[in-house]
């Protein structure tokens, strides 16, 4: 589908995804699957490194928060 899966990436790119921006206007209806919205911790802006990859390469360090 056109534009499917792009919203999260765009929100992160423009600093409107997490509470890192520190502004309440970044909480919109249904954000976080709640009717009034909820804030999102900044560590969720990046994904965790899969444990299978961590096991293969000892130089990798898991992203903070995971």
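The values are calculated or read from the model by the stated rules, or taken from the named source; none is laboratory data. What you see is a predicted model, and the numbers here were worked out from it, not measured in a lab. When we count neighbours, we look across all protein chains shown, and the Cβ atoms used for this are built from the backbone with ideal geometry, even at glycine.
Values as computed for the structure displayed
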item: Cβ-Cβ under 6 Å pairs, at least 6 apart or on other chains, the stretch 53-66 side without any contact (Cβ under 8 Å) to a residue 12 or more places away in the chain, far side part of a loop (DSSP other than H, G, I, E, B) and surrounded by 10 or more Cβ atoms within 10 Å (Cβ to Cβ); result: 54/60; 60/49
item: Which numbered condition residue 35 fails, given (1) modelled with pLDDT of 70 or more; (2) surrounded by 11 or more Cβ atoms within 10 Å (Cβ to Cβ); (3) farther than 26 Å from residue 62 by Cβ; result: (2)
item: Test: residue in the stretch 42-65 that is in contact with a helix residue (DSSP H, G or I) (Cβ under 9 Å, 6 or more places away or on another chain), assigned to a loop (DSSP other than H, G, I, E, B) and at pLDDT below 85; result: no
item: Any hit, the stretch 8-15, residues being surrounded by 15 or more Cβ atoms within 10 Å (Cβ to Cβ) and at pLDDT 75 or above; result: yes
